[in-house]
Amino acid sequence: LGIDLTTLGLNLNSPDNLYKTFGSPFSSEPAKGDPEYTTPACYV
Amino acid sequence: DFGAIGDNLSGASVVSGHDHLYNLQMLEAAYHRLPQPKDSERAKTYIPRHPSVTPASYPQIQAPIVTNPAFWERLGSDTLSTDMLFFAFYYQQNSYQQYLAAKELKKQSWRFHRKYNTWFQRHVEPQVTTDEYERGSYVYFDFHLADDGNGWCQRIKNDFTFEYNFLE
Amino acid sequence: FADAVSFQDQVAVLFSDWCHICDHPTLGDSAYSHYIVQLQQHGLLKGDDLTDRFFHTLTELAVTHAVVSEQVIAPGGMSQQSAQQLQISYFSVDSYSKLVTLMFKYGVDLGPNKGSLLPKILSITTRIIQKDAEEKKVSFNPRPYFRLFINLLSELSTADLHDGASFQVLTAFANAFHVLQPLRVPAWSFAWLELVSHRSFMPKLLLCNSQKGWPFFQRLLGDLFKFMEPYLRNAELGQPIQLLYKGTLRVLLVLLHDFPEFLCDYHFSFCDVIPPSCIQMRNVILSAFPRNMRLPDPSTPNLKIDLLAEISVAPRIMSDVEGALKAKQMKTQVDEYLKRPEGSSLLTDLKQKLLLPPNEANVAGTRYNVPLINSLIVYVGIQAVQQLQHNKANASASAQQMNQSPQVDVFQIETATEVFRNLIVNMDTEGRYLLLNAIANQLRYPNNHTHYFSFIILYLFAEATQDIVQEQITRVLLERLIVNRPHPWGLLITFIELIKNPRYSFWARSFTRCAPEIERLFESVARSCG
């Protein structure tokens with residue numbers, strides 16, 4: 001019958017993309033380190 | 001160029017010179033040598049903009065909390081917190097802290113004016129609003145150090161026109 | 001450099017110098033660039049065989065110095081597969097990857113028609129990994145190579161996704177991962193899936209250059225499914241394959257959430273390599289729908305599917321639907337049959353054509369060529385839908401006919417339907433199951449394939465003269481509904497139609513009451529379908 005996929009540690013209702021904090025296929029720990037970000041040139 | 005590239009996915013795999021049992025044994029061995037979290041952790045090289053020697057008792061690396069978005073989201077809109085956001089924005093440029101500070105300032109209704117490189121916040125509802133601009137009284141953060149030593153404070157600008165094509 | 005041994009020694013000295021430079025607290029860019037200029041002056045970066053040997057030796061040195069000690073933490077000696085805890089220092093690997101990324105950033109040019117640096121280094125690295133894995137087998141240690149790739153990926157895949165160079169970098173890694181796919185280096189499988197799904201790779205490849213990276217990622221996902229297929233097919237999931245399977249599900253959920261259109265566009269090729277028993281994983285792929293689409297609740301009373309705007313739009317299919325038909329030289333014959341059924345011999349031995357030769361049947365675990373069945377069913381369906389739309393466009397009146405009783409539809413698509421009917425009647429249980437699976441795999445989000453194949457599977461149910469056929473159609477739909485979510489929208493509306501519409505007199509079928517638990521099962525599924 002498969003598994004309850006909500007138990008795999010991913011917030012499937014998240015409004016944000018999951019890939020930014022996807023740490024590993026083999027652990028539900030969120031990714032460490034600075035996630036991706038870009039700052040517009042005028043900020044510098 | 002959107003078509004399937006290379007070998008079609010269907011059909012018996014031509015790539016493997018091994019049988020299923022061999023593959024399973026190798027997978028079993030790999031199972032005991034999974035990549036560990038520390039294998040991906042890259043030493044965070046914090047390069048101070050102007051390195052200077054400080055007493056060893058001072059923290060020598062960034063406190064991890066400054067890279068945690070929750071820390072920035074919790075900064076209130078009181079003056080001290082807002083000044084911290086402005087400090088990170090203007091003095092930690094091109095860093096994740098600047099990104100987080102800008103995000104929080106925007107959430108607190110500040111808007112960045114590209115021409116003046118200054119953050120504005122509506123003091124009252126604008127008197128005029130068109131597709132191109134809005135005009136009214138605004139609080140703005142003056143990060144310039146004026147020659148009388150002032151600056152680095154919030155001022156009010158009345159009858160200011162904020163043209164939207166300068167809105168970042 | 002002619003003498004291999006002294007070459008190795010000299011490279012070892014050069015590498016040791018480099019590590020000292022990296023380790024020095026104040027040496028920076030000027031020292032780095034000076035060192036690289038020296039390598040160029042030594043003639044080591046001309047993109048020739050010497051360059052290959054140089055990077056080959058550097059890679060082996062970096063990896064060899066990485067594994068400092070291997071402690072056996074579980075009782076029993078090395079012979080037992082105990083979980084060795086490796087104490088690994090990555091200084092040598094980090095220094096080597098730093099050298100590569102600096103060469104890349106300084107734009108080291110290997111000279112005219114020598115190709116660019118990164119693909120060369122990656123191909124050298126893949127060769128070393130394959131050789132190392134072949135030689136060491138169960139003692140192969142993937143982690144230093146994993147570290148090397150993570151470093152290179154994190155450094156070289158810039159944030160600017162629209163930059164062509166970034167796309168070249170990502171496709172160079174995609175090609176390297178394809179070479180190192182689990183079927184080729186099974187001892188590298190977990191590291192491979194970590195890298196392929198890494199946030200510095202997967203999202204960038206899928207986001208950059210307006211989907212040009214999609215075929216590369218489709219190929220990698222197919223590589224993974226092909227490796228797991230033999231183990232998933234028999235549902236024999238030892239811990240290692242179960243971990244890989246769950247890891248795959250997590251990656252698919254990220255794709256379902258962040259890149260559903262990617263799963264939509266390539267569902268056909270993924271269904272070719274996911275075994276029929278892998279129902280939930282296949283459902284994840286078939287449940288994907290474009291983010292801008294709002295799906296009406298399937299249990300809405302009197303839901304008028306035909307009136308949905310999207311239901312007459314063809315889904316985007318990026319897979320090569322005709323590939324398997326062409327490979328068996330059957331496409332021409334199918335085309336001729338659809339144009340002029342009389343006189344065609346297509347149907348006489350169609351079932352035979354769909355069987356695998358005995359030797360291949362053993363490997364595939366089934367007597368049928370599943371990709372060929374999938375290709376035939378979807379190709380014929382696409383022709384029928386196009387014919388329908390063509391007729392519809394020609395005569396507006398036929399728009400009403402579309403909703404008239406199926407007889408009129410059947411008349412227009414008689415030839416296509418005859419293919420399905422012929423197979424349903426002539427195939428054995430296994431063949432029929434695979435045929436019905438091929439049809440059910442098209443029951444997805446609202447589009448004209450979902451509409452057509454939903455109609456076809458219900459039509460086959462209504463027209464069936466044997467109970468076994470109706471039972472099998474029910475089984476194919478039901479087994480996809482009783483697994484944990486997600487469930488594809490098209491599957492739900494088809495099953496609801498089957499159990500609600502008196503035309504199919506579903507509840508009158510004896511098999512719905514063949515055993516108390518079956519009766520309860522149908523009732524519970526009917527309830528969950530509202």
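The mean count of C-beta atoms from other chains within 10 Å of the C-beta of residues in C:197-205, rounded to a whole number, is 4.
When each full DSSP H helix of chain C is screened for a Cα extent of at least 20 Å along its own axis and an average Kyte-Doolittle hydropathy of at least -0.5, the helices passing are C:4-23, C:49-64, C:91-105, C:117-136, C:164-179, C:214-233, C:239-258, C:370-394, C:448-463, C:467-481.
One Cα centroid belongs to the stretch B:17-43, the other to the stretch C:330-362; the line between them spans 43 Å. The alpha carbons of chain C occupy a box of 82, 59, 45 Å along the principal axes, longest dimension given first. Net charge in the neighbourhood of C:F146 (other residues with Cβ under 14 Å of its Cβ; Lys, Arg +1, Asp, Glu -1) is 0. More than 41 Å apart: what percent of Cα pairs in the protein assembly as shown qualify? Within the protein assembly as shown, distances greater than 41 Å cover 45 percent of Cα pairs. Remark: relative contact order (the stretch C:162-266) = 28 percent; criterion is Cα-Cα distance under 8 angstrom and separation of 6 or more residues. The packing ranking, built from the mean of other Cβ atoms within 10 Å per residue, places the peptides C:38-50, C:476-488 in the order C:476-488, C:38-50, highest first. For the listed peptides A:10-23, B:91-104, a ranking on the average number of other beta carbons within 10 Å per residue, highest first, reads B:91-104, A:10-23. As a length-normalised measure over Cα pairs under 8 Å and 6 or more apart, the relative contact order of chain C settles at 10 percent. Per residue of chain C, the DSSP helices (runs of n ≥ 4 H) give a summed -39500 (n - 2.57) that works out to -19500 deg cm²/dmol at 222 nm.
Take each residue in C:140-147, count the other chain C-beta atoms within 10 Å of its C-beta, and the mean is 4. Judged by the gyration tensor of its Cα atoms, with axes a ≥ b ≥ c, chain A is prolate; a/c meets the 1.5 cut and a/b is the larger of a/b and b/c. A simple packing score, the average count of other Cβ atoms within 10 Å per residue, orders the peptides C:261-271, C:243-253, C:311-321, C:520-530 as C:261-271, C:243-253, C:311-321, C:520-530, with the highest score first. Put the Cα centre of the stretch C:170-230 next to the Cα centre of the stretch C:450-514 and the gap is 37 Å.
For the segment C:454-465, counting C-beta atoms of other chains within 10 Å of every residue's C-beta and taking the mean gives 0.
Here, each number is a calculation from the coordinates, and none is a lab measurement. Note that this is a predicted model, so its numbers are computed, not measured. Here the Cβ is made from the backbone with ideal geometry for all residues, glycine too, and neighbour counts use every protein chain on show.
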